[in-house]
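Since the structure comes first, as structure tokens, the remarks are kept for the end.
The values are calculated or read from the model by the stated rules, or taken from the named source; none is laboratory data. Every value quoted in this text rests on a predicted model; they were computed, and no experiment measured them. Because the Cβ atoms are built from the backbone with ideal geometry, glycine has one as well, and the counts that use them run over all protein chains shown.
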Amino acid sequence: MSNTPDFNTNLKFVRIIETHTNGLVEFEFAVGEPELFVELLMAQAPFDEFCAMHGVIPTEGRLQPAQGIQEQEWDWSLRAAREQHLRHDNKA
């Protein structure tokens, strides 16, 4: 018998990253465990419906990724990649 608790798919978490001036909400969504999340973007009204439909638990601060040096290799987000790694200046 395992000592780890069962993965509870009834627990759903949301953390708003940014509400853009064009009305889009950028957020992280997790099911079961807050450290296993996806990044999503949707308009405010559909976002509100999404949260109500899924009965999400709003969170403050970043949804924490797995801890440990080896796990941190995978600790990145699309937002961080876009801002730090994938942005190139078009220099001709």
**Asked** Conditions: (1) more than 16 Å from GLU18 (Cβ to Cβ); (2) modelled with pLDDT under 80. ALA80 meets all but one. Number of the miss?
**Response** (1)
**Request:** Look through the stretch 45-59, keep the residues that are in a helix (DSSP H, G or I) and either of a type outside the set (D, E, K, R) or in contact with a helix residue (DSSP H, G or I) (Cβ under 7 Å, 6 or more places away or on another chain) (or both), and return whichever of them is farthest from PHE13 (Cα to Cα).
**Result:** ALA45
**Complete:** Going through the stretch 20-43 in order, the residues found to be out of contact with any strand residue (DSSP E or B) (no Cβ under 6 Å at 6 or more places or on another chain) and under 13 Å from ILE57 (Cα atoms) are GLY32, GLU33
**Request:** Please specify each residue of the stretch 21-57 satisfying the condition of being crowded, with 17+ Cβ neighbours inside 10 Å and either within 8 Å of the chain's Cα centre (by Cα) or at pLDDT below 90 (or both).
**Result:** PHE27, GLU28, PHE29, ALA30, PRO34, PHE37
